[in-house]
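Remarks on the structure that follows.
The values are calculated or read from the model by the stated rules, or taken from the named source; none is laboratory data. These figures come from a predicted structure and were not determined experimentally. Here the Cβ positions follow ideal geometry from the backbone for every residue, glycine too, while neighbour counts run over all protein chains shown.
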Amino acid sequence: MKQTGRAFWIDAPGRGVVRDVEVPTPGTDEVLVRALYSGVSRGTETLVFRGGVPAGQHTAMRAPFQEGDFPGPVKYGYLSVGVVEEGPASLAGRTVFCLFPHQSRYVVPASAVTPVPDGVPAERAVLAGTVETAVNALWDAAPLLGDRIAVVGGGMVGCSVAALLGRFPGVRVQLVDADPSRAGIAEALGVGFAAPQDALGDCDLVVHASATEQGLARSLELLAAEGTVIELSWYGDRTVSLPLGEGFHSRRLTIRSSQVGTVSPARPGRTYADRLALALDLLADPALDALITGESAFEDLPDVLPKLASGEIPALCHRIRYGTGDGSAGRHRHTGA
């Protein structure tokens, strides 16, 4: 017997809706997942919501289980945590993470879900996709013992990178952001904090994640000679200007992109599954709860996403809570972080 679920769709730029969807019976080597939580990665998802994905990047920006096409109608998202209601015995009843859009129930191949370790709460596991991005960035960046490092941009990705860098021995890590409220998050993550004008320079490595040309220019200024900027920002349809005169060549600076769509070539023996499993293991650290800055009921998502896009609701990761029936579980709340 076929089941139904509820799914969030972007009908057109700036307009979302929750619809009933038909959920098929799982076949061999498939699982039926009932969602518990999903996460809104504010930077990427609000860019998609406002229709800012360039035509030339429509293929590269597709989420693994996306339906529809940019700019819409499109069902988009990739931070889902749920319980396997039907599937192989090894997964039945397990809490799992899946790169699936915001939907209350869904069927995917069993290989598409990753069990959440026992020591990681389902509420925190929605961060797995972003921590996976941070893992890949640090594989690309290859920080060394004793490095002086700045992370410019205290959004969800930047804070995830800073949190992991804070575990490296002998490393000076400073989170740099124009929003002074990020200082409390930096403290919770065990790293330093500074406004852009006060940031410590002479850095061996700067990870840039502010998605602004001012942030990227400041990242270059913070480097020591021969230093490297790892660029994690996604600019969508915006053009970025850079000061590549001045001391860029004489100081032999490097700007290198990093993107989670490919496993870092620095780890040729690792698979996507390996990388995601590592990210979930790293989420045993309760300090990472600081990255979840608000929560809403699933049925409120059409009202919440425009507020996230406009900045009316400030957020790093905004968590979506599902009920046991159609996905509704009360109203939304925000921590104000």
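Some observations on this one:
- Any chance Cys203 is of a type outside the set (S, T, N, Q), buried (at least 18 other Cβ atoms within 10 Å of the Cβ) and closer than 19 Å to Ala224 by Cβ: yes
- In region 242-262, residue modelled with the lowest pLDDT [restricted to those that are touching an Asp or Glu at 6+ places or on another chain (Cβ under 7 Å) and farther than 14 Å from Ser219 by Cβ]: Val260
- Gly311, sole failed condition from (1) at negative phi; (2) at pLDDT below 95; (3) not aliphatic (A, V, I, L, M): (1)
- Against the conditions (1) modelled with pLDDT under 95; (2) surrounded by fewer than 22 Cβ atoms within 10 Å (Cβ to Cβ); (3) not basic (Lys, Arg), Pro117 satisfies every one except (1).
- In region 1-58, residue surrounded by the most Cβ atoms within 10 Å (Cβ to Cβ) [restricted to those that are farther than 30 Å from Trp234 by Cα and in contact with a helix residue (DSSP H, G or I) (Cβ under 7 Å, 6 or more places away or on another chain)]: Val31
- The strands (runs of 3 or more DSSP E) found wholly in region 126-198 and carrying at least 1 residues that are in contact with a Cys (Cβ under 6 Å, 6 or more places away or on another chain) occupy 148-152.
- Index of the failed condition, Leu253 passing every other in (1) more than 21 Å from the chain's Cα centre (by Cα); (2) under 30 Å from Val116 (Cα atoms); (3) surrounded by 19 or more Cβ atoms within 10 Å (Cβ to Cβ): (2)
To keep it simple, each residue is scored yes or no on (1) surrounded by fewer than 24 Cβ atoms within 10 Å (Cβ to Cβ); (2) charged (D, E, K, R); (3) touching a Gly at 6+ places or on another chain (Cβ under 9 Å); (4) modelled with pLDDT of 95 or more.
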| residue | (1), (2), (3), (4) |
| --- | --- |
| Pro64 | yes, no, no, no |
| Pro73 | yes, no, no, yes |
| Gly82 | no, no, no, yes |
| Cys98 | no, no, yes, yes |
| Val108 | yes, no, no, yes |
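- In this structure, Thr293 qualifies as within 21 Å of the chain's Cα centre (by Cα), modelled with pLDDT under 95, among the polar types (S, T, N, Q) and assigned to a strand (DSSP E or B).
- Checking each residue in region 125-151 for being more than 9 Å from the chain's Cα centre (by Cα) and among the polar types (S, T, N, Q) picks out only Asn136.
- Looking at Ala217, Ala209, Ala225, Ala195, just one residue is under 21 Å from the mean Cα position of the chain (by Cα) and either loosely packed, with under 15 Cβ neighbours inside 10 Å or among the small types (Gly, Ala, Ser) (or both), and that residue is Ala209.
Residue by residue, here is whether (1) in contact (Cβ under 8 Å) with a residue 12 or more places away in the chain; (2) in a loop (DSSP other than H, G, I, E, B) holds:
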residue	(1), (2)
Val207	yes, no
Ser219	yes, no
Ala225	yes, no
Val229	yes, no
Ser233	yes, yes
Thr239	no, yes
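- Considering residues of region 256-287 that are part of a loop (DSSP other than H, G, I, E, B) and of a type in the set (Ser, Thr, Tyr) only, the residue surrounded by the most Cβ atoms within 10 Å (Cβ to Cβ): Ser258
- A residue that is in contact with a Leu (Cβ under 7 Å, 6 or more places away or on another chain), of a type in the set (A, V, I, L, M) and on the phi < 0 side of the Ramachandran plot occurs nowhere in region 67-79.
- Count of region 65-120 residues, restricted to those that are part of a loop (DSSP other than H, G, I, E, B), over 20 Å from Gly51 (Cβ atoms) and not acidic (Asp, Glu), is 17.
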